[in-house]
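Asks: Have a look at this one before I ask anything.
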Amino acid sequence: MLTLGGCDTEPPPPPNSAEEVAYAGARARMVREQIVARGVRDTRVLQAMLRVPRHAFVPPGARSQAYEDWPLPIGYGQTISQPYIVAFMTEVLHAKPSDRVLEIGTGSGYQAAVLSLLVAEVFSIELVEPLARRAEADLKGQGYANAHVRAGDGYLGWPEAAPFDAIIVTCAPDHIPKALVDQLKMGGRMIIPVGAQWGPQELYLLRKGASGLEKQAVLAVRFVPMVTTGPP
């Protein structure tokens, strides 16, 4: 029995079609060859990556590539991150079963689905309203009831639901938004890519303490830019 999201969860039912068998095999291969082989070791993260059907969060025409090690377009100039990056960011965040997590950049909803198996609640914001609505429907349809989605400006965070134990940002601002720091609990963690639009970016792990933010660069990355509807 797996312990995910703070409760005991039975293993997923066996695939009931040849297509689902193929997807399950591809997902297991993805975890083994793209994620474990590159150093991700957190058992809870690996189990979540095994459980979430990435193919259900990409457009039908891209499903044959759903378990390959690269990002895929999801429309509106946005992408679903490559599986390794999703696993790496999730592991570095050190999410706990009792955590309430804010995600900036819902995109397809895949990262929110992975997090929903590991934490108490996920609050996810997407600037592009059609993507937000689609991700919300897909998450609900897949049964991720503790993942909440809304359309809005990620630079503003989700103040009504704050403070958060952890924040994960899946698009790159050129600076760390103050509102997100303000909405992070004391002792909380944030994982965020920072850098110029379409230029060099660095993934940072931040920890909020009494003396300010502790900032640690953990990986060179390339994310779509974080966009705002007003002054950042």
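A short reminder: the numbers here are calculations on the coordinates, not readings from a lab. Owing to the predicted nature of the structure, the values given are computational and were not obtained by experimental measurement. Cβ sites come from the backbone with ideal geometry, for glycine too, and all protein chains shown count toward neighbours.
Asks: Show me, for the stretch 112-122, the HN-Hα J-couplings you get by feeding each phi into the Karplus relation (A = 6.51, B = -1.76, C = 1.60, θ = phi - 60°), rounded to Hz, glycine and proline as x.
Replies: Result, rounded to whole Hz: 4, 5, 4, 4, 4, 7, 10, 10, 6, 8, 10.
Asks: Still on this model: Starting from the amide H of Leu219, placed 1.01 Å from N in the peptide plane, find each other amide H under 5 Å away whose residue is 5 or more places distant or on another chain.
Replies: Placed amide hydrogens put Leu203 under 5 Å from Leu219.
Asks: Still on this model: Would you be so kind as to identify which of Met186, Ser108, Val36 lies farthest towards the positive end of the dipole of the stretch 2-221, taking Lys and Arg as +1 and Asp and Glu as -1 on Cβ and the Cα centre as origin?
Replies: Val36
Asks: Mind checking which lysines have their Cα closer than 22 Å to the Cα of Lys185? Skip sequence neighbours fewer than 8 apart in that chain.
Replies: Partners within reach: Lys96, Lys208, Lys215.
Asks: Picking from Tyr67, Tyr76, Tyr144, which is most flexible by a Gaussian network model of the chain using Cα springs under 10 Å?
Replies: Looking only at Tyr67, Tyr76, Tyr144, the largest GNM fluctuation is found for Tyr76.
Asks: A further question follows. Sorted from fewest to most neighbouring beta carbons within 10 Å, what does the list Ser124, Ser98, Ser81, Ser116 look like?
Replies: Numbers: Ser124 29, Ser98 11, Ser81 23, Ser116 26.
Least to most surrounded, the residues fall as Ser98, Ser81, Ser116, Ser124.
Asks: Let me ask something additional. Could you pull out every residue, at least 5 positions away or on a different chain, whose amide H is within less than 5 Å of the one on Leu184? Hs are placed 1.01 Å off N in the peptide plane, and Pro or chain starts have none.
Replies: Under 5 Å from the amide H of Leu184: Phe164.
Asks: Still on this structure, I have one more. Quick one: Karplus J couplings for the stretch 173-184, per residue in order, coefficients 6.51, -1.76, 1.60, θ = phi - 60°, nearest Hz, x for Gly and Pro?
Replies: x, 8, 7, 7, x, 4, 4, 5, 4, 5, 8, 8
Asks: For labels at Glu68 and Glu214 in the simple 7 Å Cα→Cβ model, what's the distance in nm?
Replies: 4.0 nm
Asks: While we're on this one: Neighbouring Cβ atoms within 10 Å as the yardstick, rank Thr43, Thr79 fewest first. Can you show the working numbers first?
Replies: Values: Thr43 9, Thr79 18.
Lowest count first: Thr43, Thr79.
Asks: Considering the convex hull of the alpha carbon atoms of the chain, report its projected area averaged over all viewing directions, in nm², one decimal. Could the numbers behind the result be given before it?
Replies: On the way: hull surface 48.2 nm².
Value for the chain: 12.0 nm².
Asks: Which far-off residues, 5 or more places away or on another chain, put their amide H under 5 Å from the one on Ile74, with H placed in the peptide plane?
Replies: Thr79, Ile80
Asks: Which value in deg cm²/dmol, rounded to the nearest 500, describes the helix-derived mean residue ellipticity at 222 nm for the chain, given -39,500 (n - 2.57) per DSSP H run of n ≥ 4 and division by the residue count? Walk me through the numbers on the way to the answer.
Replies: Details: 6 runs with 59 residues, N = 232.
When only DSSP H runs of four or more count, the value is -7500 deg cm²/dmol.
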